[in-house]
Amino acid sequence: MFGFLRLIRWPNLLIIALTQYMARIFLIGPTQDWQLILGEMSIFLITLSTVLIAAAGYIINDYFDIKIDLINKPERVIIGRYLKRRVAMGAHQVLSVLGCLLGLWVSKWVFLVSVVSVTLLWFYASYFKKRPFVGNLIVSLLTALSLLILGVHYPQNRTLVLLYAIFAFGITLIREIIKDMEDVRGDISHGCRTLPIIWGIHRTKLFLYTLIGLFIPTLFVAANWLQNPRLGWMFSVVVLLISWLVYRLIYADTKREFGALSSLCKIITLVGMVSMVWIVF
């Protein structure tokens, strides 16, 4: 059981659930009705569906990456050590089906997003993860979908939800490319064609600088369009953290240093999540 919980990354699942509930309360609202929202069946089913599908995604990703992970992260390998491969595949299928059925219970549109998510997770893990940039885009899109699915079901404040989805997409894309730089050794030994492998670390860094240079103005333009000064202040804090990220990225050269940068991206994501509380007051 402990191995299974590690396999499905339960802390990440908890963060997904908290993010969706915070978005429902603080972005969609009304915030003063937070007690009623906590007992609302729709958000409970959407969150449970998302968590089940994400857990299935972690399982199938590890299922296809056993050999690579034995090199990159041997201490994290669960399938084949604590859990049989056929059991892992069965768990993936059950969780995926349950997640989609719960989405159907809410609405046909939530069901459609759920099916798209399950499909993307399968193709990412089985094929696109080893291809340059496409795999990074898929993971980033899936992260954004965890918020966009709320905008699909709730009509209120969809623009604000979309903005946070864009933020999640951008930070996740940056982090995924950094993770590829961190995992070059294991990826190259198993025929992966990620950006750091086909371009090299230096050119991949230049590409990241370009992405960041596009990402930051997008946030401020959106904040100005929504005429929410608190969003501008929040993004200013994010820019400071991203500036520190860029500074450390310039000198990063080892697996450990790229791992630290990946953790910094998680902190930036956490800042964004917490800011949901602040921007509505």
Please report the spacing between the Cα centers of the range 116-177 and the range 190-258 in Å, no decimals.
17
Using a 1.4 Å probe, what is the accessible area per residue for the chain, in Å²?
51
Once neighbouring chains are kept in place and the probe is 1.4 Å, which whole percent of the accessible area of the chain is contributed by carbon and sulfur?
68
Return the sequence-ordered ³J(HN,Hα) values of the range 4-16 in whole Hz as given by the Karplus equation 6.51 cos²θ - 1.76 cosθ + 1.60 applied to θ = phi - 60°, using x for Gly and Pro.
5, 5, 5, 4, 8, 6, 4, x, 5, 5, 5, 5, 4
Compactness of the range 156-281, expressed as Rg and Dmax over alpha-carbon positions, Å
15.8, 51
Springs between alpha-carbon atoms under 10 Å, Gaussian network over the chain: tell me which of Gly103, Gly151, Gly213 tops the mean-square fluctuations.
Gly213
Using 0.36 nm per residue, how much length does the chain from Leu226 to Leu36 gain when fully extended, once their Cα-Cα distance is taken away?
65.7 nm
Give me the distance in nm between label points sitting 7 Å out from Cα along the Cα-to-Cβ direction at Thr254 and Leu240, one decimal.
2.9
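Based on Cβ point charges of +1 for Lys and Arg and -1 for Asp and Glu, what charge dipole magnitude is obtained for the range 90-233 about its Cα centre, in debye rounded to the nearest 20?
With Lys and Arg at +1 and Asp and Glu at -1, about 120 debye.
Hey, any idea what Rg/Rh is for the range 134-180, computing Rh the Kirkwood way over Cα pairs?
On the way: Rg = 11.4 Å, Rh = 10.8 Å.
Rounded to two decimals, Rg over Rh is 1.06.
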Computed lengthening from Val87 to Val115, 0.36 nm per intervening residue step minus Cα-Cα distance
7.9 nm
Net length gained if the chain between Val274 and Leu137 were fully extended (0.36 nm per residue, minus Cα distance)
46.9 nm
Would you mind checking Lys108/Lys130; Lys205/Lys266; Lys84/Lys205 for any pair whose Cα atoms are more than 27 angstrom apart?
Lys108/Lys130; Lys84/Lys205
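The values are calculated or read from the model by the stated rules, or taken from the named source; none is laboratory data. Please read all numbers here as calculations on a predicted model, not as lab measurements. Every residue, glycine as well, gets a Cβ built from its backbone with ideal geometry; the counts of neighbours run over all protein chains shown. What goes into the accessible areas is simple: the full protein's heavy atoms, side chains included, and nothing from ligands, DNA or RNA. Shrake-Rupley method; radii C 1.70, N 1.55, O 1.52, S 1.80 Å.
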